[in-house]
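> So that we are looking at the same thing, I have put the structure below in structure tokens.
The values are calculated or read from the model by the stated rules, or taken from the named source; none is laboratory data. Since we're looking at a predicted model, the values are computed, not measured. Cβ sites come from the backbone with ideal geometry, for glycine too, and all protein chains shown count toward neighbours. Heads up: the accessible areas ignore ligands, DNA and RNA and are worked out on the full protein's heavy atoms, side chains in. Shrake-Rupley method; radii C 1.70, N 1.55, O 1.52, S 1.80 Å.
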Amino acid sequence: PIWDAINKFDPQVFIWLGDNIYGDIRRPFIFLGKERTIGPWQNAPRFIPSSSSEMLSRYNSAKNVPGYLRLRAKAKVVGTWDDHDYGLNDAGKEFSAKSTNQRLLLDFLDEPQDSPRRKQAGVYTSYTFGPPGKQVKIILLDTRYHRDPLSSDGSVLGDSQWSWLGKELRGPPSAITIIGSSIQVISNLSGTTGPLFYMESWGRFPKERDRLFKLINDSKRDGVFFISGDVHFGEITRYDCAAGYPLYDITSSGLTQAVEKVLPSPLRFIVRFLAWFTPSTMRVKNQNCRYKSCTYGEPNFGAIQIDWDASPVNLKIQVRDINGLPVTGVDISLSELQAWNRTIKAGQDQRHCTLEVKLPWIVRYRLAILVYTVLACKQFLMLL
């Protein structure tokens with residue numbers, strides 16, 4: 001049903017950021033026994049790959065949703081993938097079906113048969129829209145095809161994609177550059193939710209994230225911000241100490257599968273409390289947030305509006321709910337995303353400069369402390 005709100009927004013460009021379908025097979029939660037699929041004690045995979053024919057069937061189903069058909073008829077649709085449409089939860093370069101599934105994704109996106117994306121290893125690409133002086137460049141990364149294992153602090157993009165990205169950022173200037181990453185770039189909530197659970201993000205590859213920030217800074221490119229997905233909730237994060245201006249990351253996730261849906265409606269306040277209680281040094285918190293945590297755990301989509309007639313040019317960036325109403329957002333003057341107009345220098349200690357992993361341990365792990373304390377009290381009461 002969220003397609004009705006998206007079509008009412010009437011976008012000129014729609015960007016898929018991954019998990020466009022759930023192509024792999026999700027096994028049930030199993031807490032006990034020989035094949036435990038959940039928790040730190042997990043010893044069996046929760047997800048297993050499906051066949052290419054099943055992947056194709058799911059793509060065809062998604063492509064023919066009436067609301068999406070209406071959107072395709074009037075908007076330019078582009079996109080990249082994440083793990084579940086890549087073929088397997090949390091998978092990287094080791095996944096054997098990646099070349100076959102690349103073709104399926106590009107067919108879903110109606111990529112021309114002679115497109116370079118059909119000949120390269122990975123689905124990364126870029127687009128430029130608009131007339132001179134009002135150009136928007138969209139760079140879509142592939143964070144799967146070349147990615148090293150999660151615990152390795154290895155590469156996210158691989159050598160060929162890094163070389164390509166450098167050329168894109170050092171290429172002809174554009175007023176605005178949007179970098180689309182399937183996983184979050186700025187936020188590293190795994191630094192505060194562990195050891196209970198971990199989420200994928202660039203923050204789990206700190207060397208690669210530093211390399212990305214340095215590349216943006218060295219390119220002298222103004223007007224850059226990120227968009228991302230993956231985590232099943234919406235939020236906006238900001239990092240002030242990577243370039244000569246703040247870098248924003250607008251996370252919208254997901255259109256259908258959002259974190260609050262794992263609980264019945266009367267219990268969803270628990271999710272909202274935990275979101276508020278989990279420390280986040282990068283999250284933007286302001287009066288535009290519907291909830292105190294400034295996260296939104298129900299179905300949502302991201303909306304970017306550019307007012308070229310304003311002086312200076314203004315960007316209104318929001319996460320919107322199933323009815324199209326904003327739940328969190330920021331208004332940014334394009335002049336704020338220009339290094340020459342900034343007094344904050346890279347590396348300077350500012351509000352959005354303390355990484356999650358740099359928090360004092362009692363703050364950083366307070367979610368785990370809370371959960372383990374509750375479990376311990378429950379066990380103690382059972383023994384009484």
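> Starting from the Cα-Cα distance between Y372 and K119, subtract it from 0.36 nm times their residue separation and give me the gain in nm to one decimal. Don't skip to the answer; put the middle values down first.
On the way: separation 253, 0.36 × 253 = 91.08 nm, distance 5.01 nm.
So the chain would gain 86.1 nm between Y372 and K119.
> Given the Cα-Cα distance of D309 and F29 and 0.36 nm per residue of separation, how much length would full extension add, in nm?
Details: separation 280, 0.36 × 280 = 100.80 nm, distance 5.21 nm.
Stretched out fully, the D309 to F29 stretch lengthens by 95.6 nm.
> Right, something else. At R0 = 45 Å, how high is the FRET efficiency between S57 and F380 if r is their beta carbon distance? Nearest 0.05 is fine.
Values: r = 51 Å, r/R0 = 1.12.
The formula returns an efficiency of 0.35 here.
> Continuing with this model, one more query. Which residues' amide hydrogens lie under 5 Å from the amide hydrogen of N314, considering only partners 5 or more residues apart or on another chain, with H built in the peptide plane?
D307, L334
> Could you order T373, T177 by accessible surface area, starting with the largest, using a probe radius of 1.4 Å? Show your work: numbers first, answer last.
Numbers: T373 70, T177 0 Å².
My answer, sorted largest first, is T373, T177.
> Let me ask something else about it. List the Cys residues of the chain that have no partner Cys with a C-beta closer than 4.7 Å.
C377
> Give me the one-decimal nm value for the distance between modelled label points at V65 and S265, 7 Å along each residue's Cα-to-Cβ direction.
Rounded to a tenth, the inter-label distance reads 2.1 nm.
> Tell me which aspartates and glutamates have Cα within less than 12 Å of K316's Cα, excluding those fewer than 8 residues away on the same chain?
Counting by Cα, and skipping residues close in sequence, K316 has these aspartates and glutamates nearby: D307, D331.
> Here's something else I'd like to know. Towards the positive end of the charge dipole of the chain, with charges on Cβ (+1 Lys, Arg; -1 Asp, Glu), say which of N314, A242, T177 has the farthest Cα.
A242
> Tell me, what HN-Hα J-couplings in whole Hz come from the Karplus equation 6.51 cos²θ - 1.76 cosθ + 1.60 at θ = phi - 60° for each residue of segment 82-91, using x for Gly and Pro?
The phi angles translate into 10, 5, 6, 9, 5, x, 7, 3, 6, 6 Hz.
> Using the heavy atoms of the protein chains and a 1.4 angstrom probe, tell me the accessible area per residue for segment 69-137 in square angstrom. Kindly include the intermediate steps, with their values, before the conclusion.
Details: 3120 Å² over 69 residues.
I get 45 Å² per residue for segment 69-137.
> Where does the Debye-calculated log10 I(q)/I(0) of the chain sit at q = 0.07, 0.11, 0.12 Å⁻¹, using only Cα point scatterers of equal weight, no solvent?
-0.31, -0.80, -0.97
> Further question: Please report the spacing between the Cα centers of segment 23-87 and segment 154-229 in Å, no decimals.
Segment 23-87 and segment 154-229 have Cα centres separated by 24 Å.
> Taking 0.36 nm per residue of sequence separation and subtracting the Cα-Cα distance, how much length would be gained by fully extending the chain between V77 and D4, in nm to one decimal?
Full-extension gain reported as 24.7 nm.
> Ignoring ligands and nucleic acids, what accessible area does I322 show with a 1.4 Å probe (Å², nearest 10)?
Around 70 Å² of this residue is reachable by solvent.
> Now, a different point. Taking amide H positions as placed in the peptide plane 1.01 Å from N, state which residues far from I227 in sequence (5 or more) or on other chains have amide H under 5 Å from it.
I179, G180, S181, I250
> Here's another thing I want to ask about it. Plugging the Kirkwood radius over Cα pairs into Stokes-Einstein for segment 68-172, at a temperature of 4 °C and a viscosity of 1.567 mPa s, what D comes out in µm²/s?
Details: Rh = 15.1 Å.
Rounded to a whole number, D works out at 86 µm²/s.
> A follow-up question, please. Of the heavy-atom accessible surface of the chain (probe 1.4 angstrom), what whole percent is carbon and sulfur?
Of the solvent-accessible surface of the chain, carbon and sulfur hold 57 percent.
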